[in-house]
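What follows is a set of notes on a single structure, which appears directly below.
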Amino acid sequence: MAKEKDALHQGSLDDMERIKEASNFLRGTITEGLADPITGAISADDNKVLKFHGSYQQDDRDLRDERRRQKLEPAYQFMLRVRVPGGIATPEQWLVMGELADKYANGTIRLTTRQAFQLHGILKWDLKNTIREINHTLMDTLAACGDVNRNVMCNTNSYQSAVHAEVQKWAQKMSDHLSPRTGAYHEIWLDKEKVVDSREETEPIYGATYLPRKFKIGIAVPPSNDIDVFSQDLGFIAIQEANELVGFNVSVGGGMGMTHGNINTYPQLGRVIGFCAPDQVVAVAEQIVTIQRDYGNRTDRKQARFKYTIDARGIDWLKQTLHERLGSELEEAKDFQFKNNGDSYGWVEGNRKWHFTLFIENGRVKDTEDYPLRTGLREIAKIHEGDFRLTPNQNLVIANVTKQRKARIEQLIQTYKLTNGGQLSGLRRNSMACVALPTCALAMAESERYLPSLIEKIEAILQEAGLHQEEIVIRMSGCPNGCSRPALAEIAFIGKGPGKYNLYLGGSFTGERLSKLYRENIGEQEILATLRPLITRYAKERLDGEHFGDFVIRANYVEAVYSGLDFHR
Ligand code: SRM
Ligand code: SF4
């Protein structure tokens, strides 16, 4: 243990550290808990270990009061997150996710803000079968959650150029390299025999107590910052010269989470510390992860993310430690330019194939009476010979469609009236909301179920101002954990209580600046009354090409924030 660590992190270890240590490389007593017929839940400790296996125990919060009245235990159910590195899934995998959603979950598929699948509402008795069936499709849920490296994000458009495709491969390599090595997953879910005595098991990168906190990596390919590279603990920015990938700028210490009222917690932007060649990228990732493993705060989980490790010790300390561990120095960072952090919709041609990006409101794939989205996508998956790409903005690309197959897919898009982003307002096209109620245990307010109707009301204001097609990034999170990355949005809402939100303004269209608190604890009427004059003035006074987030700063509504340390000032 390093000396500096002792000096900075006094106090007893967080209870989660005990749980990890006692779990015997993520086994805990999950198997026993799953077999217990008395309750639909598992123990509190196992629930924490279960996260490393990609699942959270939840209860339907819509039913909580009624069940309490009836003296029943909460309606326990499990959320399952399926890792999809870089967001690429085959049509077969898509079809299986749909089948599992019907068979075991709530009939919907959720595309997440980190390009993964989620199923909600799985009962304890069905969890094992669901994971097994996911495994049969060559996907897994290991390390989708927990104190490990999560789903590695990557620009979805690997068809755009050879560089995009190469970058995707590095994302996969990093993901594989940083996957936990424990046999627990196979033993618990796949009934695999113990290949080694679990007492002799090792985790070469993580060790027995894994990381102090979750860890996130993403690779952006400019000019698109679709993965919000500066929100990642570790971000890579692909640098091209003469259409060749020459390497990556390395960004460290981004993160979105905070706690209301606790100014020691804050969203932070990643900082670019240098440049590495492509074949160094896995080593850089490993060393950064081990630095966080060794120096991250294990006494206080609210201070345990990598951003706080860096902010406590300084960026120069990090660079020096990284250089020592790598045995070489990063080169000076290279120039790059981002143009946006959203998706563009509709058909594009690339690499002699066609690709259709479909807007999926808040990533929820379900059928409603007037919008049979799930059925439409299922019918497409049945005939699709390419693949599906889950975007970092909760949308979907029907990718790698041959010229011959395009007409049939287009016909299905028309038959099921699958919404082409182009028909929507610029605000909706750039919107994201986290899951929140009824499944998220941490939600303080609605998000996914509310943002669409709020946008409708803001759209009316935009329409009056002649700005219906203006691209504005709007995001909502049901609590300050920031799962929809609201601190990077031009207009952001963070849940404070039922029907009440803090309104933040001033993020940039490219995801390179944090937003700032503008109004606290306001409901819908006040939200609309607050936004109306801003939007009207923006329509009249904006400069040529000026984005809304830039305008609210120039017009002095909020200050520009480039460091999380200034977020609460
Ligand atoms: Fe998240 C916790 C959903 C992306 C920051 N997040 C949760 C939990 C598991 C709630 C819980 O701990 O009980 C939510 C489950 C809700 C549900 O019912 O499904 C949840 N997070 C999600 C997803 C599904 C939101 C979505 O609408 O897509 C995203 C899944 C991503 C994935 O596939 O891996 C999701 N979460 C994010 C992001 C965005 C990102 O990673 O790009 C963030 C902000 C970036 C970051 O990590 O700093 C994020 N989630 C959090 C945090 C705050 C962490 C912190 O630093 O304080 C928590 C709470 C925690 O970890 O204690 C959290
Ligand atoms: Fe839940 Fe909060 Fe994340 Fe929304 S931001 S999914 S409410 S933890």
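Quick look at the numbers
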quantity	calculated
Single match in S447, S431 (criterion: touching a Cys at 6+ places or on another chain (Cβ under 6 Å), within 16 Å of ligand 1 (Cβ to nearest atom) and small (G, A, S))	S447
Of residues in the range 438-456 being over 22 Å from T259 (Cβ atoms) and open to solvent by 50 Å² or more (accessible area, probe 1.4 Å), the one nearest to ligand 2 (Cβ to nearest atom)	R449
Candidates G482, G466, G495, filtered to the one that is in a loop (DSSP other than H, G, I, E, B) and closer than 15 Å to M256 by Cα	G482
Residues satisfying the stated conditions in the range 206-249, i.e. of a type in the set (V, I, T), within 21 Å of G146 (Cα to Cα) and open to solvent by 20 Å² or more (accessible area, probe 1.4 Å)	T209
Condition check for D343: away from ligand 2 (no atom under 16 Å from the Cβ) and crowded, with 16+ Cβ neighbours inside 10 Å	yes
Complete set of residues in the range 470-496 that are away from ligand 2 (no atom under 12 Å from the Cβ), surrounded by fewer than 24 Cβ atoms within 10 Å (Cβ to Cβ) and over 22 Å from Q423 (Cα atoms)	none
Counted residues, the range 28-72 - those being of a type outside the set (A, V, I, L, M, F, W, C) and either touching a helix residue (DSSP H, G or I) at 6+ places or on another chain (Cβ under 6 Å) or more than 16 Å from ligand 2 (Cβ to nearest atom) (or both)	22
Enumeration of residues in the range 85-110 that are assigned to a loop (DSSP other than H, G, I, E, B) and either among the small types (G, A, S) or surrounded by 24 or more Cβ atoms within 10 Å (Cβ to Cβ) (or both)	A105, G107
Helices (runs of 4 or more DSSP H) lying entirely in the range 1-40 (those with 3 or more residues that are modelled with pLDDT of 95 or more)	15-22, 30-35
Which listed residue, of V282, V272, is at pLDDT 95 or above, more than 23 Å from G507 (Cβ to Cβ) and either within 21 Å of the chain's Cα centre (by Cα) or open to solvent by less than 40 Å² (accessible area, probe 1.4 Å) (or both)	V282
Which numbered condition I239 fails, given (1) in contact with a helix residue (DSSP H, G or I) (Cβ under 8 Å, 6 or more places away or on another chain); (2) away from ligand 1 (no atom under 16 Å from the Cβ); (3) more than 20 Å from L318 (Cβ to Cβ)	(1)
Total residues in the range 129-178, condition within 23 Å of V250 (Cβ to Cβ), of a type in the set (G, A, S), open to solvent by less than 20 Å² (accessible area, probe 1.4 Å) and in a loop (DSSP other than H, G, I, E, B)	2
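Let's see how each residue does on (1) part of a strand (DSSP E or B); (2) open to solvent by less than 10 Å² (accessible area, probe 1.4 Å); (3) touching a residue at least 24 places away in the same chain (Cβ under 8 Å):
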{"residue": "R378", "(1), (2), (3)": "no, no, yes"}
{"residue": "A381", "(1), (2), (3)": "no, yes, yes"}
{"residue": "I398", "(1), (2), (3)": "yes, yes, yes"}
{"residue": "L412", "(1), (2), (3)": "no, no, yes"}
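The values are calculated or read from the model by the stated rules, or taken from the named source; none is laboratory data. Being a predicted model, the structure only gives us computed values, none of them experimental. Cβ: placed from backbone, ideal geometry, glycine included. Neighbour counts: every protein chain shown. Side chains included, ligands, DNA and RNA excluded: accessible areas come from the protein's heavy atoms. Shrake-Rupley method; radii C 1.70, N 1.55, O 1.52, S 1.80 Å.
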